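Visitor: Below is a structure I'd like to ask you about.
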Amino acid sequence: MLSLIRAVIGRDLRLAMRRQADIVAATFFFIIVVSLFPLGVGPEPEQLRRMAPGVLWVAALLATMLSLPRLFADDHRDGTLEQLALAPQPLALIVLGKVIAHWLFAGLPLVLLAPVLGIQFDLAEDALAVLTLSLLIGTPALSGIGAIGAALTLGVRGGGVLLSLLVLPLYIPVLIFGAGAVDATVTGLGAQAHLSLLGALALGGVFFAPWPTAAALRVALE
Amino acid sequence: MSNRLINWFRYASPQSFYPLAGRMIPWFWGLAAIFGVAGLGIGFLLAPSDAQQGEGYRIIFLHVPASWMSMFIYLVMAFWAATGLAFNTRLSGMMASALAPTGALFAFLSLWTGALWGKPMWGTWWVWDARLTSELILLFLYIGFIALQAAIDDPRRADRAGAILALVGVVNIPIIYFSVQWWNTLHQGASVSLTKAPSMAAMMLWGMLLCALACWMYSIAVALMRVRVIMLERERHTDWVRALLRGKE
């Protein structure tokens with residue numbers, strides 16, 4: 001079982017590395033969106049510090065969503081997905097592997113970049129640490145929940161816009177607890193509760209999302 | 001007719017449900033009209049004006065039933081979606097897609113009337129209160145469901161994809177609700193509390209309940225009308241629809 005997941009992760013990562021431009025583009029999208037906010041609302045440090053958690057989190061949601069269509073689209077186009085669905089191993093496990101791979105090349109870069117971008121927003125050290133930690137815990141949930149939307153919109157007309165319509169409302173709890181953790185640190189309440197809930201969401205999302213995703217993939221492959 | 005038990009599963013087929021729905025629709029419209037007139041009559045003529053809110057509170061007679069219906073219809077929709085996935089019945093998926101626009105309408109009405117109520121009472125059209133926010137997200141979920149179904153041409157695939165989305169949404173609704181509530185209590189103090197209802201006069205309560213019943217009946221009637229149209233559209237290649245249309249000409 002683990003070897004199957006590992007094989008799927010390895011395959012998807014290798015494919016992603018062959019097309020690094022895609023990863024770089026999504027990452028730069030994240031950087032650009034975050035950099036737009038100080039230009040739009042003005043550079044007062046006080047205001048930026050208050051906005052930073054929300055801005056970084058919203059940008060992370062959008063950047064993750066941007067890379068979601070590729071999760072299944074390429075495999076669908078060349079027929080790999082049908083072969084995977086026919087494999088004797090459960091499709092949900094394969095999906096789990098793909099979700100983990102998606103997080104490794106779409107979520108992890110955001111986590112690594114967050115402290116640098118947080119400095120631009122004049123965040124204090126402890127807030128920076130919590131922001132990075134909250135993204136580290138929360139982004140797997142984004143990949144998991146997003147996989148459901150990606151599978152539902154597979155091969156559908158206007159899939160990209162539709163995907164955002166389906167996935168963004170489901171992302172709201174992750175956004176609230178993720179940005180809330182940083183806010184709680186800044187106001188001195190302690191981020192423990194928010195991070196715990198975020199962890200619960202991430203575990204639940206990554207664990208349960210592969211099942212509806214697999215069901216949606218089977219619908220799409222009919 | 002020797003078997004006294006009605007075979008309910010007979011009505012799972014569009015062919016036998018179509019005439020049944022046609023016979024039920026006028027009844028539900030009638031009931032909706034009666035309950036609506038009675039509820040609004042009590043609401044506007046008999047119910048006393050509120051001690052704190054004056055006459056403005058009377059929008060409650062539309063606001064509260066609309067909010068109830070918006071949440072309840074989502075549950076019913078998810079129920080039909082699950083039934084359709086589990087038993088692979090054609091009618092269930094049609095029912096779910098027939099309910100979605102009504103649910104979205106009520107969610108929108110609830111937000112709209114809420115804004116109209118909020119302006120004179122709280123002095124603002126909108127606050128990021130837990131209930132308002134989760135109702136807004138509910139509207140997004142409805143719109144996502146409708147958009148997904150509209151984007152898929154094959155009706156069977158649209159039904160099943162929509163069903164998966166509706167079920168994922170049902171799991172998410174409590175999570176969203178509580179997340180929004182906790183987020184809000186942490187950010188701003190509870191300046192507006194919707195949960196503490198003023199002890200209502202009996203007449204107000206009756207008016208509201210009658211209006212809620214009217215909304216129920218309206219939802220059922222409209223959903224049945226819509227499901228009849230969907231049935232005709234999807235089953236247009238079958239003999240019974242052809243026979244039906246020939247009979248009408």
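Visitor: So A:I145 clears everything in (1) touching a residue at least 60 places away in the same chain (Cβ under 8 Å); (2) more than 12 Å from every other protein chain (Cβ to nearest Cβ) except one condition, right? Which one?
Guide: (2)
Visitor: Select, from B:S191, B:S219, the only residue that is at pLDDT 90 or above and among the hydroxyl-bearing types (S, T, Y).
Guide: Just one listed residue meets the conditions, B:S219.
Visitor: Can you tell me which residues in segment B:220-231 are under 17 Å from B:A107 (Cα atoms) and surrounded by fewer than 22 Cβ atoms within 10 Å (Cβ to Cβ)? Full working, then the answer.
Guide: From segment B:220-231, those under 17 Å from B:A107 (Cα atoms) are B:220, B:222-223; that's our starting set.
Matches in segment B:220-231: B:I220, B:V222.
Visitor: While we're on this one: Can you spot a residue in segment A:168-183 that is touching a Gly at 6+ places or on another chain (Cβ under 6 Å), in contact (Cβ under 8 Å) with a residue 12 or more places away in the chain and open to solvent by 40 Å² or more (accessible area, probe 1.4 Å)?
Guide: No, that holds for no residue.
Visitor: Got at least one residue in segment A:93-114 being under 21 Å from A:L217 (Cβ atoms), within 14 Å of chain B (Cβ to nearest Cβ) and in contact with a Leu (Cβ under 9 Å, 6 or more places away or on another chain)?
Guide: Among the residues of segment A:93-114, at least one is under 21 Å from A:L217 (Cβ atoms), within 14 Å of chain B (Cβ to nearest Cβ) and in contact with a Leu (Cβ under 9 Å, 6 or more places away or on another chain), which makes the answer yes.
Visitor: Among the residues that make up segment A:149-161, is at least one of them touching a Leu at 6+ places or on another chain (Cβ under 6 Å), closer than 28 Å to B:W182 by Cα and either surrounded by fewer than 23 Cβ atoms within 10 Å (Cβ to Cβ) or touching a residue at least 60 places away in the same chain (Cβ under 8 Å) (or both)?
Guide: Yes, segment A:149-161 has at least one match.
Visitor: Just give me the residues in segment A:15-48 being open to solvent by 50 Å² or more (accessible area, probe 1.4 Å) and not in a helix (DSSP H, G or I), in sequence order.
Guide: Those that are open to solvent by 50 Å² or more (accessible area, probe 1.4 Å) and not in a helix (DSSP H, G or I): A:R19, A:P43, A:E44.
Visitor: Tell me which residues, restricted to segment B:149-163, are assigned to a helix (DSSP H, G or I) and either farther than 14 Å from A:R218 by Cβ or not small (G, A, S) (or both).
Guide: B:Q149, B:A150, B:A151, B:P155, B:R156, B:R157, B:A158, B:D159, B:R160, B:G162
Visitor: Is at least one residue of segment B:131-139 away from every other protein chain (no Cβ under 14 Å) and either farther than 17 Å from B:W80 by Cβ or part of a helix (DSSP H, G or I) (or both)?
Guide: Checking segment B:131-139: at least one residue is away from every other protein chain (no Cβ under 14 Å) and either farther than 17 Å from B:W80 by Cβ or part of a helix (DSSP H, G or I) (or both).
Visitor: So for segment B:64-75 (the condition being more than 22 Å from A:F208 (Cα to Cα), within 14 Å of chain A (Cβ to nearest Cβ), in contact (Cβ under 8 Å) with a residue 40 or more places away in the chain and out of contact with any strand residue (DSSP E or B) (no Cβ under 8 Å at 6 or more places or on another chain)), does at least one residue qualify?
Guide: no
Visitor: Also: Say we look at segment B:140-156 and pick out the residues that are open to solvent by 40 Å² or more (accessible area, probe 1.4 Å) and farther than 30 Å from B:A115 by Cα; which of these is farthest from the other protein chains (Cβ to nearest Cβ)?
Guide: Checked segment B:140-156; the qualifying residue farthest from the other protein chains (Cβ to nearest Cβ) is B:P155.
Visitor: Across segment A:123-147, what is the number of residues that are closer than 16 Å to A:V182 by Cβ and part of a helix (DSSP H, G or I)?
Guide: 15
Visitor: Something else now. State yes or no: is B:G93 out of contact with any Phe, Trp or Tyr (no Cβ under 6 Å at 6 or more places or on another chain), open to solvent by less than 20 Å² (accessible area, probe 1.4 Å), farther than 26 Å from B:V171 by Cβ and not aliphatic (A, V, I, L, M)?
Guide: For B:G93, the condition - out of contact with any Phe, Trp or Tyr (no Cβ under 6 Å at 6 or more places or on another chain), open to solvent by less than 20 Å² (accessible area, probe 1.4 Å), farther than 26 Å from B:V171 by Cβ and not aliphatic (A, V, I, L, M) - is not met.
Visitor: Name the residue that is farthest from the other protein chains (Cβ to nearest Cβ), counting only residues in segment B:107-130 that are outside any helix (DSSP H, G or I) and of a type in the set (V, I, T). First the steps, then the outcome.
Guide: Start the filter on segment B:107-130 by keeping residues that are outside any helix (DSSP H, G or I), which leaves B:123-129.
When the remaining residues are screened for being of a type in the set (V, I, T), the result is B:124, B:127.
Values: B:T124: 21, B:V127: 16 Å.
Top of the filtered list is B:T124.
Visitor: What is the number of the single condition among (1) part of a helix (DSSP H, G or I); (2) within 30 Å of B:F178 (Cα to Cα) that B:F44 does not meet?
Guide: It fails just one condition, (2).
Visitor: May I ask you to say which residue of A:M65, A:M51 is part of a helix (DSSP H, G or I), open to solvent by 40 Å² or more (accessible area, probe 1.4 Å) and in contact (Cβ under 8 Å) with a residue 60 or more places away in the chain?
Guide: The match here is A:M51.
The values are calculated or read from the model by the stated rules, or taken from the named source; none is laboratory data. Predicted, not measured: the structure shown is a model, and the values here were computed from it. Glycine gets a Cβ as well: all are built from the backbone with ideal geometry, and neighbour counts include every protein chain shown. The area values use the complete protein model at the heavy-atom level, side chains included, leaving out ligands, DNA and RNA. Shrake-Rupley method; radii C 1.70, N 1.55, O 1.52, S 1.80 Å.
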